[in-house]
Amino acid sequence: MMTSNNWLEIAKRLPLGHKTRVDCPECGENTNTNAMMVSHSSKSYNGFCFACDHKPFEMKGKQTLEDLAELKRINNESLQPTEGARCELPEDFTPDMPLEGRLWLYSNGITDTLKRKYNIGYSKRLRRVVMPVYNTKGDLIWFQCRALVKGQQPKYLQPSGDKSSVLFQSKTEEDKGTKGRVVVVEDIMSAIRVGETTLTISLLGTKADTSQINTLSRFSEVVTWLDSDKAGRNGSKTIRQAVGLLTHTKDLVTELDPKSYSNQQIETILCQHDHSYIK
């Protein structure tokens, strides 16, 4: 019979950063429903029941030597240098995503369908979600690896080559959005989400190089939707100044990142040209 402390015993046996499902001691003992998620983070052991919202929690105090060694190993993992102009995904790249990766994708509004559409995968060695970047011909030109373990640094890993001409472009259906318009965002997740409504490009940051500016200037309208922080505001201003003489530009400012909104909210925000969101 499962006791209230069984979840903690199981959590303590997990490697750092891992999660698993167990029966909830409050609502589902010996039911094999596995309604409770238990996890082992750098500072605590945690549980959450999706059925009754029971949230057991225990601080770890000082990290064990095993925890520190595992975190150091993960942080020391890096990508292999690219050979010439060739870009290759991590050797252990797989479309099979562990639960912690799927939860992170779901939290950003990325469904299983979108995951498959953009070939988002996972690297067990790096303990990261891998997001490939392809050109319009379907060739791999870049990728980013996003950390899943708390305390894992840096948050993003990417190849060591030159990305000055790299842009992530959404796979938007031709009949969606406004013809000739492109929305510019910072990150890949936001580009995928907004790309369900209109053609969207991610800068993979806040700065645009000359080659990227040239690409953007080919559109009849460029709508910048970068973050509202200082870096985002400066990046948006620079882009609009650079392409403003060649095409029509608008700056869209919202409280949250684009990926934080629902599909309906994204569509509404983009349609409200007279609203204070767009300047």
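Here, each number is a calculation from the coordinates, and none is a lab measurement. Owing to the predicted nature of the structure, the values given are computational and were not obtained by experimental measurement. With ideal geometry, Cβ positions are generated from the backbone for all residues, glycine too; neighbour counts draw on all protein chains shown.
Tabulated data
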| item | result |
| --- | --- |
| Gain on full stretching of the segment that runs from Leu256 to Ser211 - 0.36 nm per residue minus C-alpha separation | 13.4 nm |
| Thr33-Glu88 FRET efficiency (beta carbon distance; Förster radius 35 Å; 0.05 resolution) | 0.25 |
| FRET efficiency for Tyr106 and Asp162, using Cβ-Cβ distance with R0 set to 30 Å, rounded to 0.05 | 0.35 |
| Using θ = phi - 60° and Karplus 6.51 cos²θ - 1.76 cosθ + 1.60, couplings along the stretch 238-254 (whole Hz; Gly, Pro as x) | 5, 5, 5, 5, 6, 9, x, 7, 10, 8, 6, 10, 9, 10, 9, 10, 10 |
| Electrostatic dipole magnitude of the stretch 168-271 [Cβ: Lys, Arg +1; Asp, Glu -1; Cα centre; debye, to 20] | 320 |
| From phi via Karplus (6.51, -1.76, 1.60), per-residue ³J(HN,Hα) for the stretch 181-196 in Hz, x at Gly/Pro | 9, 9, 9, 10, 10, 7, 10, 5, 4, 5, 5, 5, 5, 5, x, 6 |
| Amide H contacts of Ile141 (H built 1.01 Å from N, under 5 Å, at least 5 apart or other chain) | Val133, Tyr134, Asn135 |
| Where labels lie 7 Å past Cα in the beta-carbon direction, separation of Leu246 and Lys137 in nm | 2.1 |
| Difference of contour (0.36 nm per residue) and Cα-Cα distance, Thr268 to Lys117 | 52.0 nm |
| Phi-based couplings in Hz for the stretch 11-18 (Karplus 6.51, -1.76, 1.60; Gly and Pro marked x) | 4, 5, 7, 6, x, 4, x, 9 |
| The stretch 6-59 - Kirkwood radius from inverse mean 1/r over Cα pairs (Å) | 10.8 |
| When each of Lys155/Lys207; Lys60/Lys115; Lys155/Lys250; Lys237/Lys259; Lys12/Lys117 is checked by Cα-Cα distance, pairs over 28 Å | Lys60/Lys115; Lys155/Lys250; Lys12/Lys117 |
| Stretch gain in nm, segment Ser228-Phe57, where the contour uses 0.36 nm per residue and the Cα spacing is subtracted | 58.1 nm |
